[in-house]
Structures are given as C-alpha cells and as structure tokens.
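Written below as structure tokens is the structure these notes are about.
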Amino acid sequence: MAAVCAALAALALAACSSSTSPPVSLPSSPAVSPPASAAPAPHHHPLTSAQAAAQNPGKCDPSLWRAIYHPSRLQVVAACKTVTGTVESVRSEPDGDVHLLLKLPASRSGLLNDGNLSDTHGDLVAEIICVGTTTQADAESACARHVNHIAVPAVGERIRISGTYVLDAVHGWMEIHPVSRLTVLSAAAPPPSAAPAPAGCHPHTPSGNCYEPGEFCPEADAGISGVAGDGEPIICEDNNGLALGACLTRSSARSTP
C-alpha cells in the first residue's frame, strides 16, 4: 500500500512540473505627455527683417528698420498694418522724418489710444522716414545710407498707407512707423468758393461781392452809383475827406460834384 501511495505522489509531482501557467499581462502605463509650456508673455520690440518679411510678404519693407534711430522706443504691436484716412497735417522733423496726422474713419478708431486723443487731435500718427535733412545728431547715422522713395502727401488728400503699427513709448501715442507704402486715393477738396454776389447789385467789391452802404470803395469808383446787396441805392463819394478814400452812402446823401 505504501508503494502505491508513493507511485501516485510521484505521478502528481510530474504532472505539476510539466504544466505551464499562462503569461500574465501587466497593464501598460498610459503615455504621459510633457506639460505644455506657458505661452510667452507678449513683448513689444522691433521684429527682425526675416520675421517681418515672413509675416507680411509684399506689403511692408522690414529693411526700413535699419534707418530708424533708437528703434527700442517703438514697441511693435503689428508688423504690418494698412489703414486709410485723410491727411490733416504734414510736418518735417529734425530727425529727417515727415510726421503725418491721419484722420481715420470711425470704424478704425480702435487704432487710437489716449495719447492720440489728447495730443494728436484724435488722429493716427504716421512717419515717412529720412525724407529731409537730418539735423538731430543721434539720428544722422541711421539715415546716412537710406534713400526715401515715398512721396509726401498734401494736406486734405485721402491716402492708404501700409507700415508697422507701433506704440511710440516716448510720446505715448500709436503710429504707423515706418511707412512702407503710400497711395493717394483722392486729391484734396478745393477750398469753398466765395458766394456769388446777388444778381442786380453793382458795382462789386474787388473780391466780387456786393457793397453795403457805408462800406469803403476804391478811389477809382468815385462818383459811381449802384445798388447795394440789400437792394438799396448807393453812390461812391468822398465822405468829408476821409483818408481811407471814397465811401458808399445811400443815394439820398450828397452827390460827388
């Protein structure tokens, strides 16, 4: 009996040693992505030529920054922006630039800041660089090798400009500086003409208007009678020898001999 039990035990041990347990799969750890870096805080500074050219091909000329003195004073908000407005002022500066004040349409008022509203009559400043003679010592070297090719507009013209949109940290206002392109869209409106003299009045003043009773007239018109602007009769006569010359009075006054 003991032999049988030993034999059975040996068989059971052999069966256990020959069987293999199935492999156990361990749960894989989920891939951990590195934490995203925080977006860099905006920092206004002049873009490099390559950066500006890549962002704004064909509109703005980044090489103009080489002709700007102390460029750190201009904090770049947009490498290139195009705006349209009416020229309200044109002024030459000691640094050789031409300083424009541009009246924008109401839809673009967001381009202005408090400095524009208080110091530039609510206009956007635009600078065409190195146009005239540079008399400001620290700007001479910047303009020395730059030749301006942008025509200076006239007051009253409606223009479209493209250039870098910046905050002038010295003055505190917003500018297009430097201007890369400028197109005149329409000429300045002609000045209003003087109102024509009412029909029937005569003679006329040298400026073409009607005389009024008591208004001085030229010596050459002495003795001429006519009609004033209010329709009353007048005559050009010497009024008691006044040094200013003949005077127009109503025809009831004494006549010139």
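The values are calculated or read from the model by the stated rules, or taken from the named source; none is laboratory data. Values in this document were obtained by computation on a predicted structure and should not be read as measured data. Note that each Cβ is placed from the backbone with ideal geometry, even for glycine, and that neighbours are counted across all protein chains shown.
Is it the case that some residue within the stretch 151-171 is surrounded by 19 or more Cβ atoms within 10 Å (Cβ to Cβ), closer than 20 Å to Leu64 by Cα, at pLDDT 95 or above and acidic (Asp, Glu)?
no
Please go through the stretch 159-193 and pick out each residue that is in contact (Cβ under 8 Å) with a residue 12 or more places away in the chain and either in a loop (DSSP other than H, G, I, E, B) or farther than 23 Å from Ala79 by Cα (or both).
Within the stretch 159-193, Ala169, Val170, His171, Gly172, Leu185, Ser186, Ala187, Ala188, Ala189 meet the criteria.
Can Gly85 be described as within 17 Å of Ala187 (Cβ to Cβ), small (Gly, Ala, Ser) and buried (at least 18 other Cβ atoms within 10 Å of the Cβ)?
Answer is yes for this residue.
Determine, yes or no, whether Lys59 is free of Cβ contacts under 8 Å to residues at least 60 places away in the same chain, farther than 13 Å from His177 by Cα and not small (Gly, Ala, Ser).
It is false that Lys59 is free of Cβ contacts under 8 Å to residues at least 60 places away in the same chain, farther than 13 Å from His177 by Cα and not small (Gly, Ala, Ser).
Under the condition of being charged (D, E, K, R) and in a helix (DSSP H, G or I), which residue from the stretch 100-129 is nearest to Ser180 (Cα to Cα)?
Arg108
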